[in-house]
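Reviewing the structure listed below.
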Amino acid sequence: MGTSVQVTPLGGAYNENPLSYLISIDGFNLLVDCGWNDRFDESLLEPLTSVSSKIDAVLLSHPDTVHLGALPYAMKRLGLSAPIYSTEPVYRLGLLTMYDHYLSRQQVSDFELFNLDDIDSAFQSITRLTYSQNYHLSEKGEGIVIAPHVAGHLLGGTVWRITKDGEDVIYAVDFNHRKERHLNGTVLESFVRPAVLITDAYNALNNQLSTRQRDQKFLELIWNTLRDDGNVLLPVDTAGRVLEILLILEQYWTQNHLSYPIFLLTYVATSTFDYVKSFLEWMSDAIAKSFEQSRENAFLLKHVTPILSKQELENVPGGPKVVLASMASLECGFSHDIFVEWATNKKNLVLFTERGQYGTKARMLQSDPPPKAVKVTMSKRVPLVGEELRAYEEEQNRIKKEEASKAILSKEEDLKASHGSDVNLGDPMVVDQSNALASSDVTGLQSGGRRDIFIDGFVPPSTSGAPMFPFYENSSEWDDFGEIINPDDYVIKEEDMDQAYMQVGGDGKFDENSANLIFDSKPSKVVSEELTVQVKCSSVYMDFEGRSDGRSIKSILAHVAPLKLVLVHGSNEATDHLKEHCTKHVCPHVYAPKIGETIDVTSDLCAYKVQLSERLMSNVLFKKLGDYEIAWADAEIGKSTEDDMLSLLPLSTPPPPHKSVFVGDLKLADFKQFLSSKGIQVEFSGGALRCGENVTLRKVGDASQKGGVAGAQQVFIEGPLTEEYYKIREYLYSQFYLL
């Protein structure tokens with residue numbers, strides 16, 4: 001049998017809830033994504049609770065809450081302690097996203113599920129990988145190789161390729177085949193016939209406008225609102241799809257010389273810009289090429305101002321403006337408060353760029369028709385004053401006294417226990433315990449409370465705590481040049497540097513509003529008020545989620561042609577629709593498990609490990625091909641006499657002759673340049689390469705057969721058998737490796 005593979009959805013199956021999946025490969029448990037919703041509903045994590053302690057490794061695919069939001073909570077309370085892997089942008093931007101969510105919640109509630117220290121602790125456990133980097137797991141995961149590849153949805157977003165014994169398990173959710181302003185499209189289509197493909201049905205029923213039509217409609221809505229003296233609110237994520245929207249607005253403002261202010265309002269806005277500006281190598285080819293040519297960073301935005309508090313927004317002079325504020329769900333954060341203020345004005349526009357999560361206000365407002373009134377809870381944190389402050393201080397003093405008393409009692413008990421253990425040794429020199437204590441008390445009065453003086457008939461036990469300041473002997477090693485030091489003691493650990501850098505913006509300045517929230521130790525409480533908001537403003541949803549639509553998903557799946565397909569994360573209708581389509585047109589083995597249901601997708605192929613025997617290798621002649629060495633070998637399978645493993649052994653009879661094999665991929669355009677450098681006149685004509693006077697080269701064969709498997713291409717050389725013909729043929733042979 002092939003590699004054993006089981007898949008168990010822990011969240012995000014037959015629904016649009018956050019994503020979390022358990023993939024077991026030969027007993028090695030991988031948790032792929034660890035998402036949570038914006039409401040931090042603990043009931044969604046019940047399936048994860050039962051398996052979190054059994055997880056051997058965690059893979060994160062995108063830097064938003066639906067893919068990694070539960071990570072700090074799981075590591076703090078659910079016993080998750082496995083190593084974690086992600087790309088650098090997922091690590092950095094995911095950390096900022098969790099900071100923003102925590103600070104938003106802390107402002108409107110006594111949020112205790114996790115804190116900033118828990119976030120830091122969780123993210124410091126992450127090992128960062130680059131795209132296409134093969135990372136070999138060790139110990140229990142020996143033989144498993146993981147590699148992140150471009151997903152195209154969010155910056156640093158990942159399609160995970162997990163390989164064991166030559167079989168690929170591909171995890172590809174939330175991918176986008178389209179090239180965008182700041183991201184390249186996914187590379188999912190480059191994978192051919194993987195053993196298992198796990199993908200989502202989120203957009204299976206949706207079809208999208210062309211990018212040009214969508215952007216034009218989007219900008220017209222904003223322009224018309226501003227021209228009519230209205231404000232535009234875009235509820236966005238912290239550091240995900242908001243980056244694409246910012247580039248669209250920046251480009252339009254520059255081209256049309258607009259002066260309306262644009263603000264990005266999150267608790268980590270300045271830090272987001274600082275990090276994003278350093279991630280150009282993770283972005284689209286167009287951005288990288290532009291930077292190489294002009295040295296201009298695409299995210300040095302001239303028309304967008306990052307702000308960190310609502311107070312800064314209120315200080316802006318009146319007039320139409322565009323505000324991109326977190327959270328996209330409108331459950332809390334700046335977007336929630338601004339919506340309450342702006343909803344009552346019919347000139348204003350609330351423009352949603354992503355589908356709201358189920359049960360949130362954003363989802364409610366995206367319904368058709370939208371509600372005319374919405375009930376909201378306005379909460380804010382205010383300092384304690386008067387009687388409440390005094391009661392709080394008294395309670396804190398009482399708690400401190402109790403803790404001090406417990407510490408003293410604990411120390412006394414330790415001392416008594418150490419004295420008692422020595423008394424019970426039966427030392428004839430030890431006097432009666434009561435007399436010893438009495439003598440000790442008396443002596444203490446005479447010597448300032450010291451008990452380490454000599455008392456006739458009593459020796460202080462060796463295990464007792466020293467009442468005097470302890471003395472430690474300096475045991476440092478010395479050589480001819482002085483004290484020997486260990487350089488490692490003076491090296492700043494990478495995680496310490498990371499933590500320091502996360503707290504300070506890239507320009508060395510602390511996010512002021514965030515700093516006040518973090519370090520403000522003044523006693524405070526949350527005050528809430530229930531309101532009914534009359535929704536008179538316009539409310540529009542446009543798809544800027546950066547996911548492939550249903551038609552594209554079906555085309556890509558048919559091209560990849562996996563042996564087995566697992567569908568997750570989508571509504572009941574979308575999942576069933578895509579399952580039915582794929583069963584008919586992609587592969588016969590299509591699965592759509594429910595939450596907690598384990599499916600076995602072990603490959604039906606038989607795989608064997610075969611080693612090359614030393615006798616065979618000594619007779620093989622290798623030829624270098626780029627970074628590799630290749631050779632032709634005739635062998636037979638047998639068992640090694642040493643370790644009884646299957647081995648390739650030399651043939652016992654003379655090997656049969658074989659036809660010459662040309663290894664390489666000839667590109668006619670490159671060969672044309674090569675011949676030109678040799679002084680041969682050459683040109684393209686009708687898809688063929690005309691060389692000299694009478695010789696023609698043609699390349700024939702289907703390079704894109706079903707599943708993306710390259711066909712056997714052939715190169716034909718035609719012409720009279722002249723000296724020129726043989727010369728060009730020799731040049732042609734030089735482009736290949738002959739076996």
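The values are calculated or read from the model by the stated rules, or taken from the named source; none is laboratory data. Note that this is a predicted model, so its numbers are computed, not measured. Neighbour counts are summed over all protein chains in view; Cβ atoms, including those assigned to glycine, are modelled from backbone coordinates with ideal geometry. In case anyone asks, the SASA skips ligands and DNA or RNA and just uses the protein heavy atoms, side chains included. Shrake-Rupley method; radii C 1.70, N 1.55, O 1.52, S 1.80 Å.
Of all aspartates and glutamates in the structure, the ones whose alpha carbon falls short of 16 Å from that of Lys302, not counting any fewer than 8 places away in one chain, are Glu244, Glu250, Asp274. Separation of the stretch 539-571 from the stretch 1-65 is 20 Å, based on Cα centroids.
Relative protection proxy for 294-300, 281-287, 18-24, from highest mean packing down: 18-24, 281-287, 294-300 (other beta-carbon atoms within 10 angstrom). With the highest mean first, a sort of the peptides 399-410, 127-138, 148-159 on other beta-carbon atoms found within 10 angstrom per residue produces 148-159, 127-138, 399-410. Computed with every protein chain present, the accessible area of Ser4 is close to 40 Å² [probe 1.4 Å]. Solvent exposure of the stretch 552-704, expressed per residue, is 63 Å² of accessible area, with all protein chains present and a 1.4 angstrom probe. In summary, the lysines within cross-link reach of Lys416, defined as a Cα separation below 22 angstrom excluding same-chain residues under 8 places away, comprise Lys406. Amide H to amide H, with H built 1.01 Å from N, Ser647 comes under 5 Å of Gln611, Gly638, Lys639, Ser640, counting only residues 5 or more places away or on other chains. For a straight C-alpha distance cut-off of 19 angstrom, the aspartates and glutamates reachable from Lys400 (same-chain residues fewer than eight places away being disregarded) are Glu388, Glu412. Fully extending the segment from Lys380 to Lys667, taken as 0.36 nm per residue of separation minus the present Cα-Cα distance, adds 96.7 nm. Phi-derived couplings, Karplus 6.51 cos²θ - 1.76 cosθ + 1.60 at θ = phi - 60°, listed residue by residue for the stretch 576-592: 5, 4, 5, 5, 5, 5, 5, 4, 7, 10, 10, 7, x, 9, 10, 10, 9 Hz, with x used for Gly and Pro. In the stretch 140-218, the portion of solvent-accessible area held by carbon and sulfur atoms comes to 46 percent [1.4 Å probe, whole percent, DNA, RNA and ligands not counted].
Pairs Lys380/Lys522; Lys164/Lys623; Lys346/Lys380; Lys624/Lys699; Lys310/Lys372; Lys54/Lys140: which exceed 18 Å Cα-Cα? Result: Lys164/Lys623; Lys346/Lys380; Lys624/Lys699; Lys310/Lys372 exceed 18 Å. Shape class of the stretch 26-83 from the alpha-carbon gyration tensor: oblate, with a/c at 1.5 or above and b/c at least as large as a/b. When both the stretch 573-627 and the stretch 116-163 are represented by their alpha-carbon centers, they are found 21 Å apart.
Carbon-plus-sulfur accessible fraction, the stretch 611-650 (probe radius 1.4 Å, protein heavy atoms only): 53%. Reported to the nearest whole Å, the Cα centre-to-centre distance from the stretch 659-685 to the stretch 375-394 is 80.
As a rough guide to protection, the peptides 648-657, 51-60 ranked by mean Cβ packing within 10 Å, highest first, stand as 51-60, 648-657.
Taking amide H as placed 1.01 Å from N in the peptide plane, the amide H of Thr87 sits under 5 Å from that of Leu129, each at least 5 places away or on another chain.
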